[in-house]
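This report concerns only the one structure given below.
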Amino acid sequence: MSQDPAEWWNEAYEGDPPWDTGEPQSALVGLAEAGEIEGRVLDAGCGTGTEALYLAEQGHDVTGVDFSERAVEQARSKAHERGLDVNFRVGDALDLEHYLDAALGRFDTVVDVGLFHALEDDQRERYANGVADVLAVGGHAFVLSFAEGAPEDWGPNPVADADVREAFAGEEWRVRELREEPFETVRSVPGLLAVLERIEL
């Protein structure tokens, strides 16, 4: 990405990016309906707030962070229109502690829909470490990414099981499950859902 990343993402949200369908991912809905999403939730790379707003409607206290100021503006507007109280912040998901003040405390659940697969290989371990810093011991992170077999010319890097295991190899993580789930964009493509538990060192 030759231009400034923040500028690129802001330009992407000037129109209707193909990943922003306006409907929560079916994998996330399934997790919520099964009671897997618990307590206070952080949506890392929240975009225009689709998943964050859905989870707020389910009664969760939700904070959303995204690199794009334009996306966050749209998320806040949608929250206002729907009468939902969601804490949306502009911030870099590679430095979550910096953008999430101590008063927020740690989260019980982190959801990531389409952020991990947008990171370069050398950013992924740093991201995993940052998520561990803001997730309570015993909490879970749910990471939904493009999987192998998804289009490779769409921008995201399709993710294999080994990519997740390598990034979340720190002692504070346990990889609970890796399973196939669809990733819904303008069309449904192969996806990988990682279920990760924050454990005590």
Pick out the one residue from Val189, Val195 that is assigned to a strand (DSSP E or B) and at pLDDT below 95. Val189
Any chance segment 142-154 includes a residue that's assigned to a helix (DSSP H, G or I) and closer than 16 Å to Val41 by Cα? no
Segment 18-67: number of residues that are within 21 Å of Pro156 (Cα to Cα) and in contact with a His (Cβ under 6 Å, 6 or more places away or on another chain): 0
For segment 38-59, which positions are crowded, with 21+ Cβ neighbours inside 10 Å and not in a helix (DSSP H, G or I)? Val41, Leu42, Asp43, Ala44, Gly45, Cys46, Gly47, Thr48, Gly49
Matching residues, segment 108-133, being assigned to a strand (DSSP E or B) and among the acidic types (Asp, Glu): Asp108, Asp112
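Here is a yes/no grid of residues against (1) in contact (Cβ under 8 Å) with a residue 60 or more places away in the chain; (2) in contact with a Ser or Thr (Cβ under 7 Å, 6 or more places away or on another chain); (3) over 23 Å from Ala136 (Cβ atoms):
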| site | (1), (2), (3) |
| --- | --- |
| Ala44 | yes, no, no |
| Val62 | no, no, no |
| Phe67 | yes, no, yes |
| Glu81 | no, no, yes |
| Val86 | no, no, no |
Does segment 99-119 hold any residues that are over 30 Å from Pro151 (Cα atoms) and surrounded by 20 or more Cβ atoms within 10 Å (Cβ to Cβ), and which are they? Leu100, Phe107
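The values are calculated or read from the model by the stated rules, or taken from the named source; none is laboratory data. Everything quoted here is computed from the prediction, not taken from an experiment. Don't worry about glycine lacking a Cβ; one is built from the backbone with ideal geometry, like all the others, and counts go over all protein chains shown.
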